[in-house]
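Worksheet: the structure to be examined is printed underneath.
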Amino acid sequence: MLKKITTAASVIALCALAACGSGSGGAGNGTGSSGGDAITMGFAQVGAESGWRTANTKSIQEEAKAAGIDLKFSDAQQKQENQIKAIRSYIQQKVKVIAFSPVVETGWDTVLLEAKRANIPVILTDRAIDSDDTSLYKTFLGSDFVEEGRKAGDWMVANATGPTNVVELQGTTGAAPAIDRKKGFEEKIASKPDIKIVASQTGDFTRSGGKQVMEAFLKSQPKIDVVYAHNDDMGLGAIEAIKAAGKVPGKDIKIITVDAVKDGMTALANGEINYIVECNPLLGKQLMELAKKVVKGENVPARVVTEEGAFNQEQAKAALPNRQY
Ligand code: GZL
């Protein structure tokens with residue numbers, strides 16, 4: 001059970017993607033927060049596993065530059081031990097603020113206590129941690145993954161036409177988006193007992209992982225009606241497997257994914273995916289604004305939720321020309 005502080009007062013639904021994602025100019029006097037010493041931020045990124053992650057990294061790097069923040073950046077290649085090493089390195093370098101996207105929910109208390117004892121504030125971005133000690137970080141900026149799962153489940157319930165066998169491509173085992181997207185989806189399909197998840201396995205948020213797991217499902221499952229993939233990349237891998245099996249993705253086997261990156265939206269517009277729940281990767285601008293406040297010792301909301309939508313095939317065709325990632 002995640003112990004996120006989510007109170008009405010603290011939750012701020014931020015601007016729509018179009019406004020938040022503007023990114024280019026960004027607020028920044030070029031010399032850090034208040035014209036004083038430039039702020040150094042240590043950022044420990046998960047990896048480069050998906051189109052979403054690439055867009056997220058680009059947003060963070062661009063917005064740090066625009067905000068005049070000196071960014072030290074590391075790619076953990078989806079390994080928690082690498083993120084912990086990076087955070088320790090930032091502590092030794094005495095950065096002003098640390099931000100990271102925890103690859104999994106647990107195992108962070110020790111290193112975050114080291115940051116706290118070094119008086120370096122920590123901001124969680126994108127993914128949350130599951131810890132009893134909420135003093136270990138100043139705020140959590142990112143999506144509500146349970147709500148994303150609920151949106152996917154709502155579409156499934158609304159579009160089921162009788163007994164429906166679903167196979168689920170889970171994200172990284174132990175990661176907040178994987179745990180919560182599963183939870184939200186199952187909450188919604190519980191209202192229709194003839195919608196069944198007949199197989200569920202992690203594809204680790206990668207295209208190759210999604211393809212390999214879908215190949216196995218196609219061999220082991222006598223009847224598959226729908227794929228619920230926790231991100232576009234695994235859904236795109238599943239499309240390759242479905243085509244190789246001589247079936248038509250989006251028709252013989254319907255596909256629901258999460259993210260809404262360009263490759264996913266293109267497949268949606270082409271009819272190979274049926275529905276995509278958006279997950280906003282453009283967190284850079286909000287992160288830099290929060291970092292400046294945190295470094296100045298100003299209060300920030302404990303939880304900052306990004307606003308997101310969802311797309312069917314027609315909506316994808318209309319939205320694609322204006323998508324930034
Ligand atoms: C969600 C993010 C997930 C994306 C995946 O905020 O953590 O990780 O949905 C990415 O594409 O790999």
query = How far apart, in nm, are two points set 7 Å out from the Cα along the Cα-to-Cβ line at Gln315 and at Thr106?
reply = 3.6
task = Compute the acute angle (0 to 90°) between the alpha-carbon long axis of helix 207-220 and the principal axis of greatest extent of the alpha-carbon atoms of the chain; round to the nearest 10°.
result = 30
For the stretch 163-169, 3J(HN,Hα) per residue [Karplus equation, 6.51 cos²θ - 1.76 cosθ + 1.60, θ = phi - 60°, Hz, x = Gly/Pro] = x, 10, 8, 10, 10, 10, 9
ask   = What fraction of the DSSP beta bridges in the chain is antiparallel, stated in percent and rounded to the nearest 5?
value = 5
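Quick check: net charge around Glu298, other residues with Cβ under 14 Å of its Cβ, Lys/Arg +1 and Asp/Glu -1?
Values: positive: Lys96, Lys138, Lys292, Lys293, Lys296; negative: Glu289.
Its environment carries a net charge of +4.
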ask   = Helix 284-295 versus the longest principal axis of the chain: what is the Cα-based angle in degrees, 0 to 90, to the nearest 10?
value = 30
ask   = Could you state the principal axis extents of the C-alpha atoms in the stretch 145-279, from the largest down, to the nearest angstrom?
value = 33, 29, 27
task = Working from Cα positions, state the angle (0 to 90°, nearest 10) between the long axis of helix 51-66 and the longest principal axis of the chain.
result = 20
note = For Leu236 the rounded accessible area (nearest 10 Å², probe 1.4 Å, non-protein molecules ignored) is 20
query = Looking at the P(r) of the chain, how many percent of alpha-carbon pairs lie beyond 31 Å?
reply = 31
key: Choice from Ser200, Ser191, Ser208 showing the highest fluctuation, given a GNM over the chain with Cα pairs closer than 10 Å   = Ser191
task = Over the chain, give the accessible area per residue in Å² for a 1.4 Å probe, as an integer.
result = 41
task = Have a look at Ala216, Ala128, Ala260 and tell me which one the Gaussian network model of the chain (Cα, springs below 10 Å) gives the largest fluctuation.
result = Ala216
task = Just add up the charged neighbours of Asn119: K/R +1, D/E -1, any other residue whose Cβ is under 13 Å from the Cβ of Asn119.
result = +4
inquiry  = Let me cross-check Asp194: its accessible surface, 1.4 Å probe, with only protein heavy atoms counted, in Å² to the nearest 10?
reply    = 60
ask   = Carbon and sulfur: what percent of the chain's accessible surface (1.4 Å probe)?
value = 51
remark   = For Glu168, the residues 5 or more places away or on another chain with a placed amide H closer than 5 Å to its own amide H are Ala199, Ser200, Gln201, Tyr228
ask   = Under a straight-distance cross-link criterion of Cα-Cα below 20 Å, which lysines are reachable from Lys293, leaving out those fewer than 8 residues away in the same chain?
value = Lys65, Lys72, Lys94, Lys96, Lys116, Lys138, Lys285
Value at 222 nm in deg cm²/dmol, rounded to 500, when DSSP H runs of n ≥ 4 in the chain each add -39,500 (n - 2.57) = -12000 deg cm²/dmol
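The values are calculated or read from the model by the stated rules, or taken from the named source; none is laboratory data. Source: prediction; values computed, not measured. Heads up, the Cβs are rebuilt from the backbone with ideal geometry, glycines too, and the neighbour counts pull from every protein chain shown. We work out accessible area using only protein heavy atoms, side chains counted, and drop any ligands, DNA or RNA first. Shrake-Rupley method; radii C 1.70, N 1.55, O 1.52, S 1.80 Å.
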